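See structure below.
Derivation of every value follows stated rules applied to the coordinates shown; laboratory data play no part. Every value quoted in this text rests on a predicted model; they were computed, and no experiment measured them. Cβ atoms come from the backbone with ideal geometry, glycine included; neighbour counts cover every protein chain shown.
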Ligand SMILES: [Zn+2]
């Protein structure tokens, strides 16, 4: 009976950690496994993307249609296949299911496959860790695009996972003892988070101030917590990062403190509100309603979520990867925004997702970083 069993299974029973056993299995078979595993992980990432920003549990209730609450049975929860089979509709109520579900599964599968093809030959452990890293990038990217935040589970959690896995598989950073790998991981996250924080506080990476022009006189409301423009409220926390940050405009009409001004220049910072020649403490002006056709607002490309996100990326990629990701993200962001402006598609939004640029840059580093570094060093040295 035992003789008829595949020797592979016998060996599995004997010792699954035997390196020689794994060497027997063809590289291409593992490529297939990584892809399928990636698609299954992608299916779970869809749940994370949907539920994490809402602070819902990731495990219960099980997958269901958001419209009719129809609980999706296991045989209809097959990555890629289900979405295609049902042509992007709920099996019960036929409500359309976003193509994002299919896209995330396919993207995650392909990223896992690429990690194996690029790193599997050197170290299966590194290929697996980088796959996990990409899973985090995918969740961060899609949540940031939709909600303009990156949850702490991904940023702080990712940082912890990055440091721990560096101890487990030191070759992620270096061919040496685990303690040195952990030091390099910590150094990477310190450089990533530190540089990003410095840019956020001191410099302006991409957009700086933005001048908004309206086709006709538009009502702008300043409440105790933020600014309301065309139905979108922006909290002051997201506008004023530095004491020097100012909102500037000329109000054709302005109402505050029971008074009315007309055609008055207005300057507002955290500490001071200037209307014409008069100066006020902003905290004593609970509500100000202005009409203007043009307003200048300080605007940040990045937020504190990106600081934490860069810390997590540094924990996985070390300081060279962190510096590259930060620099390349600014370039990718600039190109993307120029393209949007050229297409006339860029509309006013106080918030912008910056995380996706960082994620794309980090991805480029993982697959092409060493090659680019060699190319650069060959020309410099
Ligand atoms: Zn349904």
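For region 67-136, the Kirkwood radius over C-alpha pairs fed into Stokes-Einstein at 37 °C and 0.692 mPa s yields D = 239 µm² per second. Ordering 369-381, 126-138 by mean Cβ neighbour count within 10 Å, with the highest value first, yields 126-138, 369-381. Taken along the Cα-to-beta-carbon direction at a fixed 7 Å, the label points for residue 367 and residue 274 span 5.2 nm. Sorted on the mean count of surrounding Cβ atoms within 10 Å across their residues, most packed first, peptides 112-121, 161-170 read 112-121, 161-170. When each of the peptides 47-56, 289-298, 189-198 is scored by the mean number of other C-beta atoms lying within 10 Å of its residues, the order from highest to lowest reads 189-198, 289-298, 47-56.
Mind checking the full-extension length gain between residue 68 and residue 100? Use 0.36 nm per residue of separation minus the Cα-Cα distance, one decimal, nm.
Stretched fully, the residue 68-residue 100 segment lengthens by 9.6 nm.
When both region 257-307 and region 79-141 are represented by their alpha-carbon centers, they are found 45 Å apart. Is the shape of region 209-298 rounded, prolate or oblate, going by the alpha carbon gyration tensor and its root eigenvalues a ≥ b ≥ c, with a/c under 1.5 for rounded and a/b larger than b/c for prolate? Note, shape of region 209-298 comes out rounded. With a Förster radius of 22 Å applied to the C-beta separation of residue 262 and residue 215, the computed FRET efficiency comes to 0.60. Spin-label model, residue 225 to residue 118: label points 7 Å out along the Cα-to-beta-carbon direction sit 4.2 nm apart. Extension gain, residue 54 to residue 77, is 6.1 nm, computed as 0.36 nm per intervening residue step minus the present C-alpha separation. Per the Kirkwood formula applied to alpha carbons, region 147-241 shows a radius of gyration over Rh ratio, Rg over Rh, of 1.21. For the chain, the longest principal axis of the alpha carbon atoms and the long axis of helix 124-147 meet at an angle near 30°. Cα-based values for region 258-381, radius of gyration first and Dmax second, are 21.7, 70 Å. Computed per residue of the chain from DSSP H runs no shorter than four, each worth -39500 (n - 2.57), the mean residue ellipticity at 222 nm is -17500 deg cm²/dmol. Would you mind getting me the FRET efficiency between residue 202 and residue 327? Use the beta-carbon distance for r and R0 = 22 Å, nearest 0.05. The formula returns an efficiency of 0.85 here.
Kirkwood analysis of region 19-138, using all unique Cα-Cα pairs, places the hydrodynamic radius at 15.5 Å. Between residue 27 and residue 238, the distance separating the two model label sites (each 7 Å from Cα on the Cα→Cβ line) works out to 4.7 nm. Taking max minus min of the alpha-carbon positions on each principal axis, the chain gives extents of 95, 63, 37 Å, largest first.
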